[in-house]
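Taking it in order: structure first as C-alpha coordinates, then the write-up.
The values are calculated or read from the model by the stated rules, or taken from the named source; none is laboratory data. What you are looking at is a predicted structure, and each value in this text was computed from that prediction instead of being measured. Cβ placement follows ideal geometry from the backbone for every residue including glycine, while neighbour counts extend to all protein chains displayed.
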Amino acid sequence: AQSVTQLDSHVSVSEGTPVLLRCNYSSSYSPSLFWYVQHPNKGLQLLLKYTSAATLVKGINGFEAEFKKSETSFHLTKPSAHMSDAAEYFCVLGGGSNYKLTFGKGTLLTVNP
Amino acid sequence: DTGVSQNPRHKITKRGQNVTFRCDPISEHNRLYWYRQTLGQGPEFLTYFQNEAQLEKSRLLSDRFSAERPKGSFSTLEIQRTEQGDSAMYLCASSSSGQGVTIYFGEGSWLTVV
(Lines give C-alpha, C1' and ligand atoms only; values in the text may rest on other atoms or scores of the structure.)
Protein backbone atom coordinates (compact mmCIF):
# COMPACT_ATOMS: atom_id res chain seq x y z
CA ALA A 1 0.00 0.00 0.00
CA GLN A 2 1.09 3.53 -0.70
CA SER A 3 1.08 6.14 2.03
CA VAL A 4 2.64 9.45 2.92
CA THR A 5 3.07 10.85 6.41
CA GLN A 6 3.90 14.47 6.99
CA LEU A 7 5.20 14.55 10.51
CA ASP A 8 4.21 18.12 11.36
CA SER A 9 0.87 19.70 10.64
CA HIS A 10 2.23 23.17 11.40
CA VAL A 11 5.75 24.60 11.36
CA SER A 12 6.53 28.15 12.43
CA VAL A 13 9.87 29.83 11.70
CA SER A 14 11.31 33.31 11.76
CA GLU A 15 12.24 35.05 8.55
CA GLY A 16 15.83 34.28 7.62
CA THR A 17 16.01 31.01 9.59
CA PRO A 18 16.14 27.50 8.09
CA VAL A 19 13.05 25.55 7.14
CA LEU A 20 12.61 21.79 7.61
CA LEU A 21 9.39 20.05 6.61
CA ARG A 22 9.42 16.33 7.27
CA CYS A 23 7.92 13.58 5.15
CA ASN A 24 8.02 9.79 5.35
CA TYR A 25 6.59 7.46 2.76
CA SER A 26 5.66 3.84 2.30
CA SER A 27 5.71 2.26 -1.12
CA SER A 28 5.94 -1.27 -2.44
CA TYR A 29 7.93 -0.16 -5.48
CA SER A 30 10.49 2.44 -6.45
CA PRO A 31 8.77 5.71 -5.69
CA SER A 32 8.44 9.01 -7.43
CA LEU A 33 8.21 11.75 -4.83
CA PHE A 34 7.14 15.35 -5.12
CA TRP A 35 6.69 18.44 -3.00
CA TYR A 36 3.89 20.80 -3.94
CA VAL A 37 3.06 24.18 -2.40
CA GLN A 38 -0.39 25.70 -2.11
CA HIS A 39 -0.92 29.37 -1.31
CA PRO A 40 -4.31 30.39 0.11
CA ASN A 41 -7.16 29.89 -2.35
CA LYS A 42 -4.72 28.84 -5.04
CA GLY A 43 -3.93 25.64 -6.87
CA LEU A 44 -0.89 23.48 -6.35
CA GLN A 45 2.53 24.42 -7.63
CA LEU A 46 5.31 21.89 -8.04
CA LEU A 47 8.41 22.73 -5.98
CA LEU A 48 10.55 19.72 -6.88
CA LYS A 49 10.45 16.04 -7.74
CA TYR A 50 12.51 12.91 -7.25
CA THR A 51 12.39 10.19 -9.89
CA SER A 52 15.32 7.87 -9.07
CA ALA A 53 18.06 10.09 -10.40
CA ALA A 54 20.11 12.18 -7.93
CA THR A 55 19.02 11.74 -4.32
CA LEU A 56 19.44 15.45 -3.55
CA VAL A 57 16.88 17.34 -5.55
CA LYS A 58 16.91 21.09 -6.03
CA GLY A 59 13.68 22.92 -6.67
CA ILE A 60 12.35 26.40 -7.17
CA ASN A 61 12.68 29.29 -4.71
CA GLY A 62 15.72 27.81 -2.97
CA PHE A 63 14.03 24.65 -1.74
CA GLU A 64 15.66 21.24 -1.87
CA ALA A 65 14.86 17.74 -0.66
CA GLU A 66 16.89 14.62 -0.04
CA PHE A 67 15.61 11.14 -0.81
CA LYS A 68 16.80 8.65 1.83
CA LYS A 69 15.70 5.14 0.99
CA SER A 70 17.01 3.62 4.23
CA GLU A 71 14.90 6.05 6.23
CA THR A 72 11.99 6.16 3.75
CA SER A 73 12.12 9.93 4.03
CA PHE A 74 11.95 12.90 1.67
CA HIS A 75 12.34 15.98 3.87
CA LEU A 76 12.08 19.46 2.38
CA THR A 77 14.57 22.15 3.42
CA LYS A 78 15.43 25.75 2.71
CA PRO A 79 18.39 27.58 4.25
CA SER A 80 16.63 30.88 4.85
CA ALA A 81 12.88 31.43 5.06
CA HIS A 82 11.17 34.33 3.33
CA MET A 83 7.80 35.79 4.17
CA SER A 84 6.50 34.69 0.78
CA ASP A 85 7.19 31.04 1.71
CA ALA A 86 4.21 31.03 4.07
CA ALA A 87 1.83 28.43 2.59
CA GLU A 88 0.67 24.83 2.83
CA TYR A 89 3.18 22.22 1.66
CA PHE A 90 2.27 18.74 0.48
CA CYS A 91 4.55 15.75 0.18
CA VAL A 92 3.26 13.54 -2.61
CA LEU A 93 3.94 9.97 -3.68
CA GLY A 94 3.55 8.95 -7.30
CA GLY A 95 1.83 5.71 -8.27
CA GLY A 96 3.51 2.84 -10.04
CA SER A 97 2.29 4.08 -13.36
CA ASN A 98 2.26 7.62 -12.06
CA TYR A 99 -1.40 8.14 -12.79
CA LYS A 100 -2.43 8.50 -9.17
CA LEU A 101 -0.77 10.72 -6.64
CA THR A 102 -1.04 10.06 -2.92
CA PHE A 103 -0.90 13.26 -0.90
CA GLY A 104 0.14 13.76 2.68
CA LYS A 105 -2.16 15.81 4.88
CA GLY A 106 -0.03 18.90 4.46
CA THR A 107 2.21 21.09 6.61
CA LEU A 108 1.26 24.70 7.14
CA LEU A 109 4.37 26.87 7.18
CA THR A 110 4.15 30.16 9.02
CA VAL A 111 6.96 32.69 8.66
CA ASN A 112 7.22 35.32 11.36
CA PRO A 113 8.89 38.69 10.76
CA ASP B 1 -1.55 31.59 -20.09
CA THR B 2 -1.03 27.97 -21.09
CA GLY B 3 -1.63 26.38 -17.70
CA VAL B 4 -4.54 24.19 -16.60
CA SER B 5 -7.72 26.23 -16.59
CA GLN B 6 -10.79 25.50 -14.50
CA ASN B 7 -14.19 27.14 -14.35
CA PRO B 8 -16.17 28.23 -12.62
CA ARG B 9 -13.75 29.06 -9.85
CA HIS B 10 -16.51 29.27 -7.30
CA LYS B 11 -19.97 27.76 -7.26
CA ILE B 12 -22.64 28.03 -4.59
CA THR B 13 -25.57 25.72 -5.11
CA LYS B 14 -28.58 24.49 -3.22
CA ARG B 15 -28.70 20.93 -2.01
CA GLY B 16 -30.21 18.66 -4.62
CA GLN B 17 -29.09 20.70 -7.61
CA ASN B 18 -26.68 19.44 -10.26
CA VAL B 19 -23.36 21.16 -10.88
CA THR B 20 -20.79 20.83 -13.63
CA PHE B 21 -17.16 21.90 -13.62
CA ARG B 22 -15.00 22.28 -16.69
CA CYS B 23 -11.27 21.74 -17.05
CA ASP B 24 -9.07 22.73 -19.96
CA PRO B 25 -5.70 20.96 -19.67
CA ILE B 26 -2.34 22.05 -21.02
CA SER B 27 -2.79 21.53 -24.74
CA GLU B 28 -0.13 18.90 -25.40
CA HIS B 29 -1.02 16.78 -22.36
CA ASN B 30 -2.83 13.51 -23.00
CA ARG B 31 -3.57 12.72 -19.36
CA LEU B 32 -6.15 14.55 -17.30
CA TYR B 33 -6.95 14.01 -13.63
CA TRP B 34 -9.61 15.08 -11.16
CA TYR B 35 -8.91 15.40 -7.43
CA ARG B 36 -11.02 16.60 -4.52
CA GLN B 37 -9.70 18.57 -1.56
CA THR B 38 -11.61 19.23 1.65
CA LEU B 39 -10.57 21.70 4.32
CA GLY B 40 -7.48 20.63 6.23
CA GLN B 41 -6.79 17.65 4.01
CA GLY B 42 -4.59 16.88 1.06
CA PRO B 43 -6.18 16.31 -2.31
CA GLU B 44 -7.62 12.86 -2.98
CA PHE B 45 -7.67 11.22 -6.38
CA LEU B 46 -11.02 10.80 -8.10
CA THR B 47 -10.46 9.75 -11.69
CA TYR B 48 -8.20 10.10 -14.72
CA PHE B 49 -8.27 10.02 -18.48
CA GLN B 50 -5.71 9.14 -21.07
CA ASN B 51 -6.89 10.91 -24.17
CA GLU B 52 -10.65 10.32 -24.21
CA ALA B 53 -10.52 7.01 -22.31
CA GLN B 54 -11.42 7.06 -18.64
CA LEU B 55 -8.92 4.53 -17.30
CA GLU B 56 -9.62 4.77 -13.60
CA LYS B 57 -12.86 5.81 -12.00
CA SER B 58 -13.19 3.58 -8.99
CA ARG B 59 -12.44 6.49 -6.71
CA LEU B 60 -15.35 8.58 -7.86
CA LEU B 61 -17.21 9.06 -4.63
CA SER B 62 -20.62 7.77 -5.64
CA ASP B 63 -22.75 7.25 -8.71
CA ARG B 64 -23.75 10.91 -8.41
CA PHE B 65 -20.30 11.80 -9.68
CA SER B 66 -19.37 11.43 -13.33
CA ALA B 67 -16.64 12.75 -15.56
CA GLU B 68 -16.21 12.97 -19.30
CA ARG B 69 -13.53 13.92 -21.76
CA PRO B 70 -15.35 13.51 -25.04
CA LYS B 71 -12.70 14.56 -27.53
CA GLY B 72 -9.62 14.01 -25.45
CA SER B 73 -9.24 17.70 -24.80
CA PHE B 74 -11.33 19.44 -22.12
CA SER B 75 -13.11 17.51 -19.40
CA THR B 76 -16.22 17.99 -17.30
CA LEU B 77 -16.98 16.75 -13.81
CA GLU B 78 -20.67 16.58 -12.95
CA ILE B 79 -22.18 16.11 -9.52
CA GLN B 80 -25.86 15.26 -9.50
CA ARG B 81 -28.21 15.84 -6.58
CA THR B 82 -25.57 17.66 -4.58
CA GLU B 83 -25.28 17.12 -0.83
CA GLN B 84 -23.65 19.31 1.78
CA GLY B 85 -20.82 16.81 2.07
CA ASP B 86 -19.89 17.53 -1.53
CA SER B 87 -18.63 20.96 -0.49
CA ALA B 88 -14.94 20.95 -1.38
CA MET B 89 -12.43 22.19 -3.90
CA TYR B 90 -12.31 20.16 -7.09
CA LEU B 91 -8.89 20.20 -8.69
CA CYS B 92 -8.06 19.31 -12.24
CA ALA B 93 -4.57 18.40 -13.37
CA SER B 94 -2.87 17.29 -16.54
CA SER B 95 0.35 15.67 -17.67
CA SER B 96 1.99 13.78 -20.46
CA SER B 97 2.23 10.02 -19.96
CA GLY B 98 5.17 8.13 -18.52
CA GLN B 99 6.89 7.42 -15.24
CA GLY B 100 7.81 10.38 -13.09
CA VAL B 101 6.26 13.04 -15.29
CA THR B 102 5.20 16.29 -13.69
CA ILE B 103 1.50 16.69 -13.04
CA TYR B 104 0.33 20.29 -13.34
CA PHE B 105 -2.67 21.45 -11.35
CA GLY B 106 -5.25 24.11 -12.03
CA GLU B 107 -6.39 26.59 -9.42
CA GLY B 108 -9.43 24.54 -8.52
CA SER B 109 -13.17 25.01 -8.45
CA TRP B 110 -14.69 25.67 -5.05
CA LEU B 111 -18.10 24.14 -4.46
CA THR B 112 -20.33 25.20 -1.58
CA VAL B 113 -23.59 23.33 -1.14
CA VAL B 114 -26.10 25.15 1.04
Checked B:GLN6, B:GLN41, B:GLN37 against criteria (more than 15 Å from the chain's Cα centre (by Cα) and not hydrophobic (A, V, I, L, M, F, W, C)); the one match is B:GLN41
Can you name the residue in region A:39-53 that is under 17 Å from A:PHE74 (Cβ atoms) and at the interface with chain B (Cβ under 8 Å from one of its Cβ atoms) and is also modelled with the lowest pLDDT among such residues?
A:SER52
Which of the residues belonging to region B:6-41 are hydroxyl-bearing (Ser, Thr, Tyr) and either closer than 19 Å to A:GLU88 by Cβ or surrounded by fewer than 16 Cβ atoms within 10 Å (Cβ to Cβ) (or both)?
B:THR20, B:SER27, B:TYR35, B:THR38
Residues of region A:75-111 classified as more than 14 Å from chain B (Cβ to nearest Cβ) and either closer than 10 Å to A:CYS23 by Cα or not polar (S, T, N, Q) (or both), total
11
Flagged in region B:50-103 as within 14 Å of another protein chain (Cβ to nearest Cβ), of a type outside the set (A, V, I, L, M, F, W, C) and within 24 Å of A:PRO40 (Cα to Cα), in numbering order, are B:TYR90, B:SER94, B:SER95, B:THR102
Can you tell me which of B:GLU56, B:GLU83 is closer than 22 Å to A:SER32 by Cβ and in contact with a Lys or Arg (Cβ under 8 Å, 6 or more places away or on another chain)?
B:GLU56
Note on region B:63-86: residues of a type in the set (Phe, Trp, Tyr) and either over 14 Å from the mean Cα position of the chain (by Cα) or within 10 Å of B:ARG22 (Cα to Cα) (or both) are B:PHE74
Being more than 10 Å from every other protein chain (Cβ to nearest Cβ), small (Gly, Ala, Ser) and surrounded by 12 or more Cβ atoms within 10 Å (Cβ to Cβ) is the filter here, so list the residues in region A:17-38 that pass it.
A:SER26, A:SER27
Would you confirm whether any residue within region B:33-43 is more than 10 Å from chain A (Cβ to nearest Cβ), touching a Gly at 6+ places or on another chain (Cβ under 8 Å) and in contact (Cβ under 8 Å) with a residue 60 or more places away in the chain?
no
Just a yes or no: is a residue in region A:37-44 without any contact (Cβ under 8 Å) to a residue 12 or more places away in the chain and of a type in the set (Lys, Arg)?
yes
